[in-house]
Amino acid sequence: MGIAPELKKIAVITSGGDAPGMNAVVRAVVRTALARGAEIIGFEHGFRGLIGDEFVELSSKSVGGILSQGGTLLHTARSPEFRSAEGRNQAHDNLVEHGIEGLVVIGGDGSLSGAKRLSDEFRVPVMGIPGSIDNDISGTDFSVGFDTAVNTAVEAIDKIRDTAYSHERVFVIEVMGRNNGFIAVDVALACGAEACLIPEIPYRLEEVCENLRNMRKRGKRSSIIVVAEGAARAADVQEYIAKHTGFEARYTVLGHMQRGGRPSSFDRVLALRLGAMASERLLSGFSGEMVGVLGGNLVAHPLSYVLGTERTIDPDKLHLVDVMAQ
Ligand code: ADP
């Protein structure tokens, strides 16, 4: 980190799991760089394209019309080759060949780890931007895509609630989030779920069944149970509940629909602010950082801090699901 001469040519990639709003970040990174008088190119398919030299020229026009589109126009991928020294050497050679002086990486913690290695091993100036529906990245209250993914799941569950009510059924709904429950807890709160199971906090299915029985006695006609994919399989939870309560139960796995769709206005504004800041800082000579937002304010942290700190779930938020289900 530190002030260095201003960079004249940078590149941008989207990497790892895709997230709605990545396009909005690319647009912000590109237009900020152009406004500063720098050149910018993109590489497709994240680190894979960096190794394979899959570059694309980027202009203000080429990022026009993508603000509201889900997915990423630069495509994304996982790149096992980049985990090897040989792969990273090739990637670095390509950056040198193009005269690239700095790289913006948009992705999850894996992608940020890759960016840090480029910076550590080759002194390539890098700037990371948190783009992940999982929201499991430290140093930022939100990563780009989380808000949209939560909204998408809530919209689907609101519909499921209607049919659950009509048939007086228990619905177990599995949401994404890899090995954490950030999506699950927010979704559960926003759709008024009767229970939420996440990997970070132990749960007992017998207790869930007991609560369901009590709710039924109180006259609750339908129940929604949100399960984080890292906590259990929805099918197993549904089977257990049906067997131990005798209630009619169904399950739904929302799956990859949570990754797509038009980014929410929250994600668009977040993407714009983070993209512009990352581009500015990289061009000004800062490196080895991730930009984020904490308490509404933009921040920049060393990647070593971000990657060395675990983002933890707020147990009070999970407790609120139970309180609201009373
Ligand atoms: P995400 O960025 O969504 O967390 P991954 O964990 O799959 O997704 O990481 C995306 C890519 O980042 C990997 O396919 C790999 O190319 C690169 N990467 C992840 N971790 C490392 C690492 N420790 N060293 C080098 N590259 C890494």
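Nothing in this text is a laboratory measurement; each read-out follows from the coordinates by a stated rule. Keep in mind that what you see is a predicted model, and the values were worked out from it rather than measured. Neighbour counts run over all protein chains shown; Cβ positions are idealised from the backbone, glycine included.
Miscellaneous remarks
- For the chain, the relative contact order is 25 percent, taking Cα pairs closer than 8 Å that sit 6 or more residues apart in sequence and dividing their mean separation by the residue count.
- Ellipsoid equivalent to region 148-260 - semi-axes via the Cα gyration tensor, in Å: 21, 16, 11
- Projecting the Cα atoms of GLY131, ASN94, ASN151 onto the charge dipole of the chain, computed from C-beta unit charges around the Cα centre, puts ASN151 farthest toward the positive end.
- Using alpha-carbon coordinates, inclination of helix 234-245 to the longest axis of the chain, degrees: 10 degrees
- With a cut-off of 18 Å on the backbone N, the residues of region 189-203 near the modelled label site 7 Å out from GLN326 along Cα-Cβ are 189, 192-196.
- GNM on the chain, alpha-carbon springs under 10 angstrom: the most fluctuating residue among ASP162, ASP147, ASP134 is ASP162.
- If R0 is taken as 41 Å, the Cβ-Cβ distance between GLU207 and ALA85 corresponds to a FRET efficiency of 0.25.
- Over the chain, the hull volume per residue, using the convex hull of the C-alpha atoms, is 121 Å³.
- Rounded tilt (10° steps) of 205-217 against the dominant C-alpha axis of the chain: 60 degrees
- Expected 222 nm ellipticity per residue - DSSP helices of 4 or more, -39500 (n - 2.57), all of the chain, to 500: -13500 deg cm²/dmol
- Where only C-alpha atoms are counted, convex hull volume of region 79-221 per residue in Å³: 137 Å³
- Nearest-ten-degree value, helix 22-35 long axis tilted from longest Cα axis of the chain: 30 degrees
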